[in-house]
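The block underneath contains the structure these notes are about, expressed in structure tokens.
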Amino acid sequence: MNPETARRRYVLVQLLTWLPIGVMMPSSILLMTARGLDLGTVGVVFTVQGMLVALLELPTGGLADVLGRRGVLITAAVCNVVALAGTALAVAPWQFVACAVLKAVGRALSSGPAEAWYVDRVHATHPAGTPQAAELVRSGLARGGAADGVALCVGP
């Protein structure tokens, strides 16, 4: 696979990873408060999610190296889909917390494997350390980051 094809696939994966989160994020607080949670409880739900992402970030990075990047990305996507569907159906605080835990697992799992895959694809055709490889990696990762931002902004 050439670097241009790898970059297009990487940017698409980044866009599709963050688009559902961008769609759900603005309505999450409204949904939780409409279902009876006060703002303090909503804050606890988001705090649980944020702390769990931070705790799982490092261990899940090694998991991608052991199990393979594709499998970890697929697992992350499944966690996110189940979590988002569960959030849409949740009515009790514990259900929102359970969905937040699943979202945290999905987010931690999806952090890094796509980037590592893209860098590996570039280095398969251009040796690491060359200016051309560095430029391809830099520009590809920048486009992936832009896709993240677009997906989060387009959602609302």
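Which residues does a label at Ala34 reach in the stretch 80-102, if reach means a backbone N under 14 Å from a point 7 Å past the Cα toward the Cβ?
87-91
Under a 10 Å cutoff between Cα atoms, tell me which one of Ala98, Ala134, Ala90 has the largest fluctuation in the Gaussian network model of the chain.
Top of the fluctuation ranking is Ala134.
Suppose every K and R has +1 on its Cβ and every D and E has -1 on its Cβ; what is the size of the dipole of the stretch 95-149 about the Cα centre, in Debye to the nearest 20?
140 debye
Which of rounded, prolate, oblate describes the stretch 67-156, given a ≥ b ≥ c as roots of the alpha-carbon gyration tensor eigenvalues and a/c under 1.5 marking rounded, otherwise prolate only if a/b is larger than b/c?
The shape class here is prolate.
Work out Dmax and Rg for the chain from the C-alpha atoms and quote the Rg first, both in angstrom.
Considering the chain through its Cα atoms, Rg and Dmax are 17.4, 57 Å.
If I build a Gaussian network model for the chain, linking alpha-carbon pairs within less than 10 angstrom, which residue out of Leu109, Leu141, Leu12 has the largest mean-square fluctuation?
Fluctuation is largest for Leu12.
Could you work out how far the C-alpha centroid of the stretch 1-40 sits from that of the stretch 55-118, in angstrom?
The two parts, judged by their Cα centres, are 12 Å apart.
In the stretch 25-96, which trypsin sites (Lys or Arg not before Pro) fall in coil by DSSP and have 16 or fewer other Cβ atoms within 10 Å?
Arg35
Using the crude model of +1 on Lys and Arg Cβ and -1 on Asp and Glu Cβ, and no other charge, please compute the dipole size for the chain relative to its Cα centre, in debye to 20.
260 debye
FYI, it's all coordinate maths here, none of it is from the lab. Predicted, not measured: the structure shown is a model, and the values here were computed from it. Note that we place each Cβ from the backbone using ideal geometry, even for glycine, and neighbour counts take in every protein chain shown.
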